[in-house]
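The values are calculated or read from the model by the stated rules, or taken from the named source; none is laboratory data. Everything numeric here is computed off the predicted structure, so don't read it as measured data. All Cβ positions, even for glycine, are placed from backbone atoms using ideal geometry, and neighbour counts span all protein chains on display.
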Amino acid sequence: MSALSVSYALLFYVATLIFVIGVARKIWIYAKTPAPLKIPTMPAPVTKSGVVLRMAREVVLFASLFKSNKWIWLFGWLFHMAMFLVLARHLRYFTDPVWWWVNLIQPFGKYAAFGMLIGLLGLWARRFFVERIRYITGPSDHLMLALLLGITITGMSMTFVAHTDIVMVKDFFRGLMVGSIRPLPDDINLLLHLAFVAALLIVFPVSKLLHAPGVFFSPTRNQVDDAREKRHIAPWAAELDAAESGN
Amino acid sequence: MADFDIPELKEIPEIPPLKEGAMAHSKPFESKPDFQEPLGFPGELVDNWEQVAVEKLGELKGKFRSLQVFLDSCVKCGACTDKCHYFLGTADPKNMPVARQDLLRKVYRRYYTFAGKFFPKLVGAVDMTKDVLDEWYSYFHQCSQCRRCSVYCPYGIDTAEISMAAREIMDAVGLGQKYCNEIIAKVHKIGNNLGLPEPALADTLEGLEEEVKDDTGVDIKFPLDVKGAEILLVTPSADFFAEPHVDGLIGYAKVFHETGASWTLSSYASEAANFGMFIGSYENMRRISRRIRKAAKELGVKRIIFGECGHAWRVAYSFLNTLAGPWDFLDPNYPVPQHICEYTWEAIQQGKLKFDPSENDHMTLTFHDSCNVARASRMGDKPGGQLEIPRNILKTVCNNYVDMPENTIGEATFCCGGGGGLLTDDLMELRVKGAMPRMAAYKSVVDDYGVTNLAAICAICKTQFAKVLPYYGFTMDQIVSLHQLVGDALILSDAPGDDDDTDDEE
Ligand code: SF4
Ligand code: SF4
């Protein structure tokens, strides 16, 4: 086995481990931290199903962002939706036989890469040309876009320019899933693509990518407006009550 | 009139080019030991304040999910950057909501995240220094906690939560704000923001009874500490004195009179305002709220109704059950608490109140949605009732009503510029500049529809507008209480021969 295949195998094991443990740890922290007060941004739904709908509108349509700024919405929504299609398409490299619906979206998933590219370029351009956004942009924001763009471009060039030995790639990842290390083609596009993806997995739990789990825990979006009907109290606040007797 | 430039009123929304440091000089007077200690805070800056601040931040992010999630989730998309009235009015980039959050986030990152500990430059993480603390003191007192930014953020990040946490940290190290903390100390000691003791309050209410009697010929009561009354009215103490607030109080009394309600004020809980929220102190907010519980129990009332006040209604509607509940000793047929607008609107729907809206014909009105009512509370049983019910009442009691432009009302409402504990003279420049978007929206309906007055249901908004309207070429009496309009149009069924007092406005 080549040293390259072994090091990529190890890299992906480590990256996946960091990603899974890191994100799970953050989700655990978000879940266990109490929200002591009712703070939904009003007008807010008065039922749980209303909240599910509100959250769905946020994560599927980016409803608040749409209200806010049409350009950011356009580029942001385009990028995310295209990315989900592309990610779904990638399931074909991990499943055998490939699930029927993954085959179904294959052609869309291929061209969705252009959506990602346009979205990312649009978002990046705004970081240079809109004064307010330039002001709030830091080095890590540029790096994150560079990384995503790197993944997109190397991926696209494998799809549309120079194909790699995809059967071999699939075999490599199917192998990793059962704990065996198999050879990886030494195609520079592929190696860069995979290195960038591994880097993204590693930084995910320590970066702003935490917005992905974060949005589901945002009290202004996930709380039911029922403060008068139901007494909402955090454990640490209940202790204050318990410490006082009588009234 | 002022030693700073008053912004020009232009078409809204206009996004100004950035003026870095434009408001770096703005900061409120610092608190004194006398106002700090009753609240449970150190009197002055403690020696190891850096450490205390960082530890307090750690404590708060473990107690408030909002803080933890908001500090992690911002992607710097910029969607909120043009949404804050203080940014629009001052052009200072640190008044962009995300930039304001970053003042705290950069310290959070430095001490509590992997990236900030090992790659501080990359993610903009910084040590807790005196410069940082000074910047916090300035810019976290340039946020009125209006929540407009949270409406537009894709993750609902509410800068108000960040400001509250920052103020709580500053209080914990002994750097408090005089205006808020002095007031809170008074509430703890006497029961209201003004420090008005029971005899003075009784006196004032008696004077009001006489005044209303002279005016209407009807004995309208302003009961105080009446045991066994059905309703406890909790209203901002500004309602007892200030203009136009007191006209609102007269309006509530007339409504109660006309519906035949048995009601009372309490001298112990003589304040609806709860500045504990502004300084982000759960404990202080709770202590203030529990005065209301105690008063309700001692007086044996069955219902609690709040007068016109924005942040007070937020604390009442959204937090009171948490802070001072459960309310199982009150009448379960009514929500606890209720807003005076809910009460009035219900009485209108039941046909208990008759109006002569022509009494208000000398005005053309518009309505200012107070942030804390619009974006942090509700009235009635449907979402958005907090926006509809006040308008329904206004349209019942006035013939001439026009809304301001859509993107400046409802959930998109612009703050008056004086909320969130900033209603102090030492922040006058900020208040005037922060009022610019609201004033521009008001001007547009003044110019286009001949609007003459602005109605509000918030003590802070009323005081703020009375002060800033003149800076923009209007007069201070253009701000009116919603219940003043109700009271003026209300036909009192036991009024003596009312022929001569109905048409004197012609
Ligand atoms: S809460 Fe209001 S005042 Fe504070 S940053 Fe957001 S928009 Fe500005
Ligand atoms: S809108 Fe939300 S995510 Fe975007 S920059 Fe503002 S606070 Fe951050």
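Here are the numbers:
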{"quantity": "Qualifying residue in region B:429-447 (condition: closer than 17 Å to B:K462 by Cβ, within 14 Å of chain A (Cβ to nearest Cβ), within 16 Å of ligand 1 (Cβ to nearest atom) and crowded, with 19+ Cβ neighbours inside 10 Å)", "calculated": "no"}
{"quantity": "Residue pairs meeting the criteria (Cβ under 8 Å; at least 6 apart or on separate chains; first at pLDDT 95 or above and part of a helix (DSSP H, G or I), in region B:87-102; second near ligand 1 (Cβ under 9 Å from one of its atoms) and of a type in the set (K, R))", "calculated": "B:K94/B:R100; B:P97/B:K83"}
{"quantity": "Qualifying residue in region B:475-484 (condition: in contact with a Phe, Trp or Tyr (Cβ under 7 Å, 6 or more places away or on another chain) and touching a residue at least 12 places away in the same chain (Cβ under 8 Å))", "calculated": "yes"}
{"quantity": "Qualifying positions in region B:29-77 - within 16 Å of ligand 1 (Cβ to nearest atom) and basic (K, R)", "calculated": "B:K76"}
{"quantity": "Test: residue in region A:65-73 that is charged (D, E, K, R), modelled with pLDDT of 95 or more and within 16 Å of ligand 1 (Cβ to nearest atom)", "calculated": "yes"}
{"quantity": "Index of the failed condition, A:F160 passing every other in (1) touching a Lys or Arg at 6+ places or on another chain (Cβ under 9 Å); (2) at the interface with chain B (Cβ under 8 Å from one of its Cβ atoms)", "calculated": "(2)"}
{"quantity": "Some residue of region B:177-194 being modelled with pLDDT of 95 or more, more than 14 Å from chain A (Cβ to nearest Cβ) and within 16 Å of ligand 2 (Cβ to nearest atom)", "calculated": "no"}
{"quantity": "Residues satisfying the stated conditions in region B:83-126, i.e. basic (K, R) and within 16 Å of ligand 2 (Cβ to nearest atom)", "calculated": "B:K83, B:K94, B:R100, B:R105, B:K106, B:R109"}
{"quantity": "Some residue of region B:301-324 being farther than 20 Å from B:G419 by Cα, touching a His at 6+ places or on another chain (Cβ under 9 Å) and away from chain A (no Cβ under 14 Å)", "calculated": "no"}
{"quantity": "Some residue of region B:466-474 being assigned by TED's automatic domain parsing to the domain that holds B:R314, within 17 Å of B:F414 (Cα to Cα), assigned to a loop (DSSP other than H, G, I, E, B) and modelled with pLDDT of 95 or more", "calculated": "no"}
{"quantity": "Among (1) farther than 30 Å from B:V98 by Cα; (2) buried (at least 16 other Cβ atoms within 10 Å of the Cβ); (3) of a type in the set (V, I, T) - the single one A:I188 does not satisfy", "calculated": "(2)"}
{"quantity": "Count - residues of region A:69-95 that are over 12 Å from A:F114 (Cα atoms) and more than 14 Å from every other protein chain (Cβ to nearest Cβ)", "calculated": "10"}
{"quantity": "Single unsatisfied condition, B:K83 versus (1) over 19 Å from B:A53 (Cβ atoms); (2) more than 10 Å from chain A (Cβ to nearest Cβ)", "calculated": "(2)"}
{"quantity": "Condition met for B:T204 (at pLDDT 95 or above, crowded, with 22+ Cβ neighbours inside 10 Å and under 26 Å from the mean Cα position of the chain (by Cα))", "calculated": "no"}
{"quantity": "Answer from B:F70, B:F29 - the residue that is touching a residue at least 60 places away in the same chain (Cβ under 8 Å), touching a helix residue (DSSP H, G or I) at 6+ places or on another chain (Cβ under 7 Å), away from every other protein chain (no Cβ under 14 Å) and aromatic (F, W, Y)", "calculated": "B:F29"}
{"quantity": "Of the criteria (1) farther than 30 Å from B:P33 by Cα; (2) part of a helix (DSSP H, G or I); (3) outside the structural domain of B:I288 (by TED's automatic domain parsing), which one B:G251 fails", "calculated": "(3)"}
{"quantity": "Selected residue (only one of A:T16, A:T47 is under 30 Å from B:S289 (Cα atoms), among the β-branched types (V, I, T) and surrounded by fewer than 16 Cβ atoms within 10 Å (Cβ to Cβ))", "calculated": "A:T47"}
{"quantity": "Evaluation of B:A91 against (1) hydrophobic (A, V, I, L, M, F, W, C); (2) more than 16 Å from ligand 1 (Cβ to nearest atom); (3) out of contact with any helix residue (DSSP H, G or I) (no Cβ under 7 Å at 6 or more places or on another chain) (one fails), failing number", "calculated": "(2)"}
{"quantity": "Residue among B:G89, B:G78 that alone is out of contact with any Phe, Trp or Tyr (no Cβ under 8 Å at 6 or more places or on another chain) and more than 18 Å from B:S138 (Cα to Cα)", "calculated": "B:G78"}
{"quantity": "Evaluation of B:F41 against (1) more than 14 Å from chain A (Cβ to nearest Cβ); (2) out of contact with any Asp or Glu (no Cβ under 7 Å at 6 or more places or on another chain); (3) not polar (S, T, N, Q) (one fails), failing number", "calculated": "(2)"}
{"quantity": "Total residues in region A:216-236, condition more than 7 Å from chain B (Cβ to nearest Cβ) and not in a loop (DSSP other than H, G, I, E, B)", "calculated": "3"}
{"quantity": "Search result, residues across region A:176-194 that are in contact (Cβ under 8 Å) with a residue 60 or more places away in the chain and either in a helix (DSSP H, G or I) or within 25 Å of the chain's Cα centre (by Cα) (or both)", "calculated": "A:L176, A:M177, A:L191, A:L194"}
{"quantity": "Counted residues, region B:366-389 - those being touching a strand residue (DSSP E or B) at 6+ places or on another chain (Cβ under 6 Å) and farther than 23 Å from B:H85 by Cα", "calculated": "1"}
{"quantity": "Entirely in region B:139-201, the helices (runs of 4 or more DSSP H) that have 3 or more residues that are within 16 Å of ligand 1 (Cβ to nearest atom) and in the same structural domain as B:Q101 (by TED's automatic domain parsing)", "calculated": "B:148-152, B:159-173"}
